[in-house]
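Working notes, structure below.
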Amino acid sequence: MELYLIRHGIAEDKGLGIKDEERSLTKEGRQKTEKVAQKLVKLGLNFDLILTSPLVRARQTAEILIAEKLSSQLEESSHLAHDGQISSWLKDWLEPRNYSQNTQLALVGHEPDLTSWAEILLWGEVKESLVLKKAGMIGIKLPETGSPLGRSQMFWLTPPKYLL
């Protein structure tokens, strides 16, 4: 299985009197995210499912991916909101669904959670060594059997500037 961890696009600044969970993508954030999504389509990507954080900016990013036809299925998961734990997501969401090995899932969320999840999948611990820019993506291949924690392989790490 391939997981594509996608950080939301550029959002409104914190501290503008807007609750964090209600912060929207900016005009620039929408435009860049649309261009990134269009490039992913040209590269031939297609996700079986896009799973998003319920926070507005992540949901808007996921909706752009859907609008560009990167998937036809979108679901929300509270596991992808701030401070979500990958072990809980694996146990509560991924394992019960028993996806096939050729499944491609896109997870749209936030920092530092997405890089923490990636590092736990790759090395079994958070090392704070990966950087995921807004509208950037990390691709991780999960092993066919057993726990993916510390046993997965990264095949993609792209900041948006290389997709624009």
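Which of the residues spanning segment 94-103 are open to solvent by 80 Å² or more (accessible area, probe 1.4 Å) and either of a type in the set (V, I, T) or free of Cβ contacts under 8 Å to residues at least 40 places away in the same chain (or both)? Full working, then the answer.
Here is the first cut: in segment 94-103, the ones open to solvent by 80 Å² or more (accessible area, probe 1.4 Å) are 95-98, 102.
Once the filter is applied, which keeps residues that are open to solvent by 80 Å² or more (accessible area, probe 1.4 Å) and either of a type in the set (V, I, T) or free of Cβ contacts under 8 Å to residues at least 40 places away in the same chain (or both), segment 94-103 yields E95, P96, R97, N98.
Among the residues in segment 2-10, are any surrounded by 19 or more Cβ atoms within 10 Å (Cβ to Cβ) and of a type in the set (K, R)?
yes
Here's a check for you: in segment 109-123, which residue that is free of Cβ contacts under 8 Å to residues at least 60 places away in the same chain and over 23 Å from Q60 (Cβ atoms) is least open to solvent (accessible area, probe 1.4 Å)?
Residue satisfying both the conditions and the ranking: E119.
Which of the residues spanning segment 1-51 are more than 18 Å from A81 (Cβ to Cβ), of a type outside the set (S, T, Y) and in a loop (DSSP other than H, G, I, E, B)? Lay out the reasoning, then the answer.
Kept after step one, since they are more than 18 Å from A81 (Cβ to Cβ), are these residues of segment 1-51: 1-2, 4, 10, 13, 15-17, 26-48.
In the following step, the residues that additionally are of a type outside the set (S, T, Y) were identified as 1-2, 10, 13, 15-17, 27-32, 34-48.
Those that are more than 18 Å from A81 (Cβ to Cβ), of a type outside the set (S, T, Y) and in a loop (DSSP other than H, G, I, E, B): M1, I10, D13, G15, L16, G17, L43, G44, L45, N46, F47, D48.
Hey, can you tell me all the residues within segment 131-145 that are surrounded by fewer than 19 Cβ atoms within 10 Å (Cβ to Cβ) and more than 19 Å from N102 (Cβ to Cβ)?
Taking segment 131-145 and keeping what is surrounded by fewer than 19 Cβ atoms within 10 Å (Cβ to Cβ), we get 131, 133, 141, 143-145.
Hits for segment 131-145 are V131, K133.
Based on this model, can you work out whether A106 counts as closer than 15 Å to V36 by Cβ, open to solvent by less than 70 Å² (accessible area, probe 1.4 Å) and touching a helix residue (DSSP H, G or I) at 6+ places or on another chain (Cβ under 7 Å)? Steps first, please.
Working: closer than 15 Å to V36 by Cβ: yes; open to solvent by less than 70 Å² (accessible area, probe 1.4 Å): yes; touching a helix residue (DSSP H, G or I) at 6+ places or on another chain (Cβ under 7 Å): yes.
Taking the combined requirement at face value, the residue satisfies it.
State all residues of segment 2-23 that are under 30 Å from E95 (Cα atoms) and at pLDDT 95 or above; if no residue qualifies, say none.
E2, L3, Y4, L5, I6, R7, H8, G9
Which residue pairs have Cβ atoms closer than 8 Å, lie 6 or more positions apart in sequence or on different chains, and pair a first residue in segment 133-158 that is touching a residue at least 12 places away in the same chain (Cβ under 8 Å) with a second residue that is among the aromatic types (F, W, Y) and open to solvent by 70 Å² or more (accessible area, probe 1.4 Å)?
These pairs meet every condition: G139/F155; I140/F155; K141/F155; G150/W123.
Report yes if K91 is farther than 30 Å from L164 by Cα, open to solvent by 20 Å² or more (accessible area, probe 1.4 Å) and without any contact (Cβ under 8 Å) to a residue 40 or more places away in the chain, otherwise no.
Values: farther than 30 Å from L164 by Cα: yes; open to solvent by 20 Å² or more (accessible area, probe 1.4 Å): yes; without any contact (Cβ under 8 Å) to a residue 40 or more places away in the chain: yes.
Yes, satisfied.
Quick one: in segment 36-55, of everything that is among the hydrophobic types (A, V, I, L, M, F, W, C) and touching a residue at least 40 places away in the same chain (Cβ under 8 Å), which residue is surrounded by the most Cβ atoms within 10 Å (Cβ to Cβ)?
Taking segment 36-55 and keeping what is among the hydrophobic types (A, V, I, L, M, F, W, C), we get 36-37, 40-41, 43, 45, 47, 49-51, 55.
From what's left, touching a residue at least 40 places away in the same chain (Cβ under 8 Å): 36, 40, 45, 47, 49-51, 55.
Working: V36: 27, L40: 21, L45: 19, F47: 23, L49: 16, I50: 22, L51: 23, L55: 24.
Here the residue is V36.
So P148 fits all but one of (1) loosely packed, with under 14 Cβ neighbours inside 10 Å; (2) more than 20 Å from A11 (Cα to Cα); (3) not basic (K, R); what number is the exception?
Unmet for P148, out of (1) loosely packed, with under 14 Cβ neighbours inside 10 Å; (2) more than 20 Å from A11 (Cα to Cα); (3) not basic (K, R): (1).
The values are calculated or read from the model by the stated rules, or taken from the named source; none is laboratory data. All values reported here derive from a predicted model rather than from experimental measurement. Neighbour counts are summed over all protein chains in view; Cβ atoms, including those assigned to glycine, are modelled from backbone coordinates with ideal geometry. Accessible surface areas use protein heavy atoms only, side chains included; no ligands, DNA or RNA. Shrake-Rupley method; radii C 1.70, N 1.55, O 1.52, S 1.80 Å.
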